[in-house]
1. Once the dipole of the range 73-259 is set up with Lys and Arg at +1 and Asp and Glu at -1 on Cβ about the Cα centre, which of Asn240, Val193, Ala157 lies farthest towards its positive end?
2. Apply the Karplus parameterisation 6.51 cos²θ - 1.76 cosθ + 1.60, with θ equal to phi minus 60°, to every residue of the range 165-177 and state each ³J(HN,Hα) to the nearest whole Hz, in sequence, with x for glycine and proline.
3. Val127's amide H: which non-local residues (gap 5+, or another chain) put their own amide H closer than 5 Å, with H modeled 1.01 Å from N in plane and none for Pro or chain starts?
4. For the chain, what does -39500 (n - 2.57) per DSSP helix run (n ≥ 4), summed and divided by total residues, give at 222 nm, in deg cm²/dmol to the nearest 500?
5. May I ask you to list, by number, the DSSP H helices of the chain whose Cα span along the axis is at least 24 Å and whose average Kyte-Doolittle hydropathy reaches 0.0 or more?
6. If the limit is 29 Å between Cα atoms, which of Lys77/Lys119; Lys189/Lys243; Lys121/Lys256; Lys85/Lys195; Lys104/Lys189; Lys221/Lys243 go over it?
7. I need the phi-derived Karplus couplings for the range 215-228: 6.51 cos²θ - 1.76 cosθ + 1.60, θ = phi - 60°, integer Hz, Gly and Pro marked x.
8. Which value, in debye to the nearest 20, gives the size of the charge dipole of the range 73-259 about its Cα centre, when Lys and Arg are +1 and Asp and Glu are -1 at the Cβ?
Amino acid sequence: MSSNNDTIGKTITVALLLCIVCSVIVSGAAIALKPAQIANKALDMQRNILAIGGLSKPGESLTKAKVEELFGQIEEKYVDMSTGKFTEAPFPNYDQVKATKDPKFSEKIPADQDIASLKRKANVATVYKVVGGENAGRLILPVSGYGLWSTLYGFVALESDLNTVAGLGFYTHGETPGLGGEIDNPRWKKMWVGKSIYDANGNVVAKVKKGIVNPEIAVEKQHQVDGLSGATLTSNGVSNLIKFWLGDNGFAPFLKNYQAGEA
């Protein structure tokens, strides 16, 4: 009589072998593709920086070669947030977002200062200085803060006067599409261009208004943008992150040093 090949033991053995083979294939593919994934992530980040900094047109699809060409107009710099002066990167391939989560490279933000609900702040920030082309002199600063559902990560670009907004945008967030997700709307982002961050006394007054900006009121016309309909908490989150990062606990000391030529 022939042996039975359909035993439970043999079935389990075949299933385990199949799982092992599949795991090896998947793991191998992940390892092989990781360099490409890292490169693509860096390229996407550069596209965002170029767009927010005004070095590329809204919605423009840039090839890798074009990104590299335009990014040649930008210098990547590092700022010691405790001194407000330029410094060296803490380690190769420095990632500010990752550093924020590491106690060795970040510090806890006191609760009374944490208006953007960040909890921690990296000791060193990565900023971008436009050194070539018609937009030379602009600074592109990283900003982040909590909205309704998620932390918003983006950049604000300042003109050479270090007060006028040249661009604002977010490269990742988890806000509700059609509501808080309207921070990605090109029309809304364009509203920020030309707004002033600071008032005559150096206070951060730029913010998202609850409602529509009245152009007849000078302070609103100069410093505010329309609120996002049905997304009050996301709007407040944007206002708070601007106030934090452009304030004394953020980049204000650096901007003062930079403007004075002491950074």
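1. With unit charges placed on the Cβ atoms, the residue in question is Asn240.
2. Computed from phi, the couplings for the range 165-177 are 6, 9, x, 8, x, 10, 9, 7, 5, x, 6, 5, x Hz.
3. So Val127 has HN proximity to Lys77, Tyr78, Val79.
4. Details: 7 runs with 93 residues, N = 263.
It comes out at -11500 deg cm²/dmol, rounded to the nearest 500.
5. Values: long enough: 8-52 (61 Å, 1.28).
Qualifying helices, which must be both long enough and hydrophobic enough, are 8-52.
6. On the way: Lys77/Lys119 24 Å; Lys189/Lys243 17 Å; Lys121/Lys256 20 Å; Lys85/Lys195 26 Å; Lys104/Lys189 35 Å; Lys221/Lys243 18 Å.
From the list (Lys77/Lys119; Lys189/Lys243; Lys121/Lys256; Lys85/Lys195; Lys104/Lys189; Lys221/Lys243), the Cα-Cα distance tops 29 Å for Lys104/Lys189.
7. Those phi angles translate into x, 7, 9, 4, 5, 6, 4, 7, 10, 10, 10, 4, x, 8 Hz.
8. Values: 21 positive and 20 negative charges, 42 e Å.
Dipole about the Cα centre, nearest 20: 200 debye.
Read-outs: derived from the displayed coordinates by stated rules, not from any lab. The model shown is predicted, which means the values in this text are computed figures rather than measured ones. Here Cβ is always computed from backbone atoms with ideal geometry, including for glycine, and neighbour counts include all displayed protein chains.
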